[in-house]
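Since the structure comes first, as structure tokens, the remarks are kept for the end.
The values are calculated or read from the model by the stated rules, or taken from the named source; none is laboratory data. Everything quoted here is computed from the prediction, not taken from an experiment. Ideal geometry is used to build each Cβ from the backbone, glycine not excepted, and the neighbour counts take in all protein chains shown.
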Amino acid sequence: MILPKIKVLLSHGKQNIPDLNKVELSEEFRGRPELTITDSTEELEAAAALCPTKAITTSPFTLDLGRCMFCGECALRAPQNIRFTTDYRLATTRREALVITPETRQVEFHAEDVDDKKSKLFRSSLKLRQVSAGGDASTEMELNATGNVNFDFGRYGVEFTASPRHADGVVITGPISANMAEPLQICYDAIAEPKLIIVCGTDACSGGLFANSKAVNREFLTRHKVDLWMPGAPTHPMTFIDGVMNYLGRKKR
């Protein structure tokens, strides 16, 4: 009975990624967009009008990754102006750093904003409580994937925990619905100081498609300083891993 199982195991080969710092994603992945200014703005204006979250401005030409749904429709409408790359290194310590321009060649991490006390304290072991504040389960599933056999983020001591009292920080997904505003605050209060706040996914960064909904209450983000902003719809596991590793000082962008 055990022999067939061994054959299946051997057929799978090595599934884990040996070095998470050398990961290259497939061409199908939509990461950081590259913006190009052209003489004609007709296609760009059409792409901006098409964007459901108004992530694109034409004058000046910018694209807000915190609002971007990464649907790729703008690149199809204005291919000369917008091209998605496979760069997953999108996490940053500043919300404004997610607004990119034609001059942007990488999303700036701004290591000077990192709280050295937190970085050193959590460098070897970081436990996080994930709160789905009205999320659609897409980003939540990608965060779960960080601990699977492929990424195995736990080898660096970074794991998710079921209780905020066992956590060092909170990872927020979803636009923060009004019904989840109080539970999110209760969860945050239950975490001992010092603690991290990580905002993960387009919905969490800006409200996404629900930004103007009366069912959303984002006051939590005005009361507390966010340590890491991570865009994506959903956020790729490598975006999360890269951002956390940079914050902990275990790699440099």
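What to note about this one:
- Residues (in contact (Cβ under 8 Å) with a residue 40 or more places away in the chain and among the small types (Gly, Ala, Ser)) located in the stretch 126-147: 132, 133, 134, 135, 138, 145
- In the stretch 197-215, residue farthest from residue 239 (Cα to Cα) [restricted to those that are modelled with pLDDT of 95 or more and surrounded by fewer than 22 Cβ atoms within 10 Å (Cβ to Cβ)]: 214
- Of the residues contained in the stretch 216-231, none is found to be hydroxyl-bearing (Ser, Thr, Tyr) and crowded, with 23+ Cβ neighbours inside 10 Å.
- Within the stretch 181-215, the set of residues being in contact with a helix residue (DSSP H, G or I) (Cβ under 6 Å, 6 or more places away or on another chain), under 17 Å from residue 71 (Cβ atoms) and in a loop (DSSP other than H, G, I, E, B) comprises just one member, 201.
- So residue 165, is it over 19 Å from residue 93 (Cα atoms), surrounded by fewer than 17 Cβ atoms within 10 Å (Cβ to Cβ) and in contact (Cβ under 8 Å) with a residue 24 or more places away in the chain: yes
- The stretch 57-73, subset without any contact (Cβ under 8 Å) to a residue 40 or more places away in the chain and under 23 Å from residue 210 (Cα atoms), residue nearest to the chain's Cα centre (by Cα): 63
- Of all the listed residues (120, 127), the sole one being over 21 Å from residue 187 (Cα atoms) and either outside any loop (DSSP other than H, G, I, E, B) or not hydroxyl-bearing (Ser, Thr, Tyr) (or both) is 120.
- Just one of the numbered conditions (1) touching a strand residue (DSSP E or B) at 6+ places or on another chain (Cβ under 8 Å); (2) outside any strand (DSSP E or B) is not true of residue 28: (1).
- Hits in the stretch 45-56 - residues which are free of Cβ contacts under 8 Å to residues at least 60 places away in the same chain, loosely packed, with under 14 Cβ neighbours inside 10 Å and under 17 Å from residue 202 (Cα atoms): 54
- Of the criteria (1) within 27 Å of residue 248 (Cα to Cα); (2) surrounded by 13 or more Cβ atoms within 10 Å (Cβ to Cβ), which one residue 73 fails: (1)
- Residue check for residue 116: over 26 Å from residue 65 (Cα atoms), among the charged types (D, E, K, R), free of Cβ contacts under 8 Å to residues at least 12 places away in the same chain and out of contact with any strand residue (DSSP E or B) (no Cβ under 9 Å at 6 or more places or on another chain): yes
- Test: residue in the stretch 161-179 that is among the acidic types (Asp, Glu) and either at pLDDT below 95 or under 19 Å from the mean Cα position of the chain (by Cα) (or both): yes
- Summed over the stretch 136-177, residues that are out of contact with any Asp or Glu (no Cβ under 9 Å at 6 or more places or on another chain), over 25 Å from residue 193 (Cα atoms) and in a loop (DSSP other than H, G, I, E, B) total 6.
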